[in-house]
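Since the structure comes first, as structure tokens, the remarks are kept for the end.
No value in this document is a laboratory result; all are computed from the given coordinates. Predicted, not measured: the structure shown is a model, and the values here were computed from it. Heads up, the Cβs are rebuilt from the backbone with ideal geometry, glycines too, and the neighbour counts pull from every protein chain shown.
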Amino acid sequence: MGISSYLQFLISGVTMGSIYGLTALGFTIIFNTTGIINFAQGEFVMLGGILSVFFLKWFDIGLFPSILLAVLATTIIGGVIERFAIRPVKGASVINLIIVTIGVSIFVRGLTMIFLGKDTFSLPHFSGNLPLTFAGVAVMPQSIWILAITLVLLAILRLFFTRTIYGKGMLACSYNRKASSLVGIGVDRMVLFSFLISSLVGAIGGVILTPVTLTSYDVGIMLGLKGFSACIIGGLGNPFGAAAGGVLLGILESLCAGVISSAYKDAFAFFVLLVLLFVKPSGLFGQAKIERV
Amino acid sequence: MKKPARYLFLAIAVVCLSITSAGADDVIKIGAIFSATGPASPLGEAEKNTALLLQEQINAKGGVMGKKLEIIIYDDESSVDKAVSAADKLLKKDNVVAVVGPSTTPNTLAIEAKFEAAAVPLVSCAAGEKIVVPVKKWVFKTPQSDRLAVARILSHLKSRKISKIAIITVSDAYGQGGREMLKALAPKAGIELTADEVYSPKDTDMTVQLTKIKSTNAKAIVSWGTPQTGSAIVAKNRAQLGMSVPLYLSHGVAARKFIELAGSAGEGILLPAGRLIVADEVPAKNPQKALLTKYVKDYETKFKSPVSTFGGHAWDAVMLVVKAIELGKSDKPADIRANLEKIKGFVGTAGVFNFSPEEHNGLNESAFEMVTIQKGDWKIVK
């Protein structure tokens with residue numbers, strides 16, 4: 001195997017890893033403001049992809065308008081979930097809320113299966129499906145789209161969290177909800193925002209991924225699991241660490257498949273995750289929890 | 001419960017009881033277990049539709065031996081435990097004379113023993129060779145075995161003088177069955193395996209495995225993948241990597257959905273398939289021609305969706321049971337079993353069936369045509 005093979009593994013890894021990263025990002029945004037792990041995050045990714053397919057089919061308005069509509073619809077669904085499933089039980093313990101999100105994810109998956117069917121669907125590539133070849137390495141234009149959109153999204157989120165009053169408010173909630181509420185931050189509204197943003201990020205991930213990987217009502221399960229692992233690798237609570245963790249997981253998987261054995265790909269990636277947790281329990285970029293007495 | 005409600009309830013119960021007891025003697029009850037929902041639903045849905053279609057057609061013509069045919073269909077939701085409980089229900093509660101299905105190999109293997117014990121014939125619609133090898137007295141199956149599909153691909157490779165191939169298979173029972181068969185039969189045919197790659201059923205990207213295959217000097221790729229989804233991704237990734245070596249897929253992908261999913265990447269791929277999906281291209285002198293055209297027309301007008309090979313497997317299973325009943329003029333389970341073994345030259349959708357006590361699948365390599373995709377449609381490779 002020549003160097004070009006390794007470059008090819010790297011490119012596949014980074015492409016898949018970007019999506020894991022975006023899913024992980026969604027996890028951390030909600031975790032930061034609410035302290036819960038939203039297990040419906042994978043369903044946002046699924047909805048983004050599958051709704052684009054159906055909007056394209058039903059309304060015949062072209063690829064990009066359908067995608068925008070799908071992202072918008074998923075974001076609204078994210079808001080609705082917060083309003084009707086999370087807010088009514090907000091006083092409950094974190095573990096109960098997590099179980100609520102598992103229920104929501106099963107509900108969303110079930111509805112999608114009933115209304116949109118059990119089939120697998122494909123979405124056209126954004127700009128042609130002919131690979132570009134550099135030095136024996138084939139790169140799909142869609143991979144470049146995925147990378148570019150992921151980076152732009154990360155930059156925007158970074159600006160949002162550090163420069164805007166809402167972003168700062170959400171960060172404040174993550175440090176101390178009670179104190180935030182005392183200084184006049186609407187915690188409920190921040191939680192709603194966090195759901196909106198993470199469903200938006202998830203939907204965008206789903207939309208840019210679907211042309212490469214196809215979609216069906218049940219793709220959210222595995223993506224959610226991988227995204228969650230990415231979060232743990234990067235350190236739960238650090239959005240950009242989570243994104244980096246996703247890319248790392250993607251690269252690990254593809255190198256394992258390429259160099260060791262494709263049969264043990266998933267097993268090896270999760271083995272690395274375990275080792276990492278033994279060595280550095282707070283994740284690569286996470287801060288160890290300090291208990292103040 | 002208030003009084004009027006109680007009387008109503010009682011009345012309904014009495015009516016129901018009288019309906020079931022009145023019809024018992026002039027009805028032949030066949031059971032069916034299909035994966036109408038869940039991951040295997042592309043198989044089960046077509047099978048269920050076909051069974052309903054046949055029940056309607058047969059009864060419209062006066063039933064079987066003058067008795068009404070009733071097919072009791074259970075959905076196993078593609079899960080093994082649901083298939084087991086459906087088998088129990090059919091055998092103990094519904095007292096059926098024979099059962100067709102299940103749709104998948106794992107589900108069939110899980111319930112086989114129950115039929116051996118209950119002495120009721122089972123005609124499976126699943127492809128795995130393990131179902132009928134070694135032969136079990138009460139178990140039959142209608143789809144062509146993996147062995148036949150692999151043999152057909154290998155002889156096609158030989159006719160093109162290709163001696164080095166790479167294989168990529170999915171890590172479930174179906175894919176690994178194909179993988180073992182390829183590893184066993186390829187060396188005997190003088191064909192060398194240069195790579196043996198695997199992917200998981202839920203994987204969405206196989207470029208890594210294909211890149212490895214690309215770096216070996218394989219002259220063809222044989223992929224035994226999840227029907228449609230995984231196989232479509234392999235076809236897409238192959239096009240994305242700009243690979244030009246021919247790609248052979250398993251007979252499982254022979255459904256229109258695959259063409260839709262793979263898009264332009266599906267053009268030119270090769271696979272062995274039963275004649276059902278190329279019905280209009282089958283020469284008129286072929287014994288299957290008339291049957292195939294009729295089934296395609298009936299199915300597509302009734303259900304407004306394209307036929308698939310899988311529906312054909314259910315057609316074969318139901319009609320074989322009916323044939324066995326008519327042959328022996330008896331609807332006793334033991335007679336049906338004995339007469340199934342006597343069926344020779346039965347023209348079905350999968351091929352011409354010849355059963356015997358040693359052969360419970362009844363098909364040979366000639367049941368397959370090599371087909372390719374040209375301009376978004378199946379074409380027979382000459």
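Lysine pairs, Cα distance under 14 Å, 8 or more residues apart or cross-chain: how many in segment B:147-273? So the count of such lysine pairs works out to 7. Look at the alpha carbon pairs under 8 Å that are at least 6 residues apart: their mean separation over the length of segment A:3-279 gives a relative contact order of 40 percent. Oblate is the label for chain A. Its Cα gyration tensor axes, ordered a ≥ b ≥ c, give a/c of at least 1.5 and b/c at or above a/b.
Please identify, among A:124, A:88, A:65, the residue showing maximal mean-square fluctuation in a Gaussian network model of chain A using a 10 angstrom Cα cutoff. Top of the fluctuation ranking is A:88. For segment B:279-382, applying the loop criterion from DSSP together with a ceiling of 16 other beta carbons within 10 Å to the GluC sites (Glu not before Pro) yields B:358. With r as the distance between the Cβ atoms of residue B:52 and residue A:152 and R0 = 60 Å, compute the FRET efficiency 1/(1 + (r/R0)^6) and round to 0.05. Calculated value: 0.70.
Here the Gaussian network model covers chain A, with springs between Cα atoms less than 10 Å apart; of A:92, A:40, A:203, A:92 fluctuates the most.
With a ≥ b ≥ c the root eigenvalues of the C-alpha gyration tensor of segment A:95-161, is it rounded (a/c under 1.5), prolate (a/b larger than b/c) or oblate? Because a/c hits 1.5 or more and a/b fails to exceed b/c, segment A:95-161 counts as oblate. Here residue B:130 is the anchor, and the aspartates and glutamates within straight C-alpha reach of less than 13 Å, apart from those fewer than 8 places off in the same chain, are B:112, B:146, B:180, B:359. Straight Cα distances below 13 angstrom link residue B:294 to the aspartates and glutamates B:280, with same-chain residues fewer than 8 positions distant left out.
Which net charge results when you count Lys and Arg as +1 and Asp and Glu as -1 among the other residues whose beta-carbon is under 11 Å from that of residue B:245? Taking every Cβ under 11 Å from that of residue B:245, the sum is +4.
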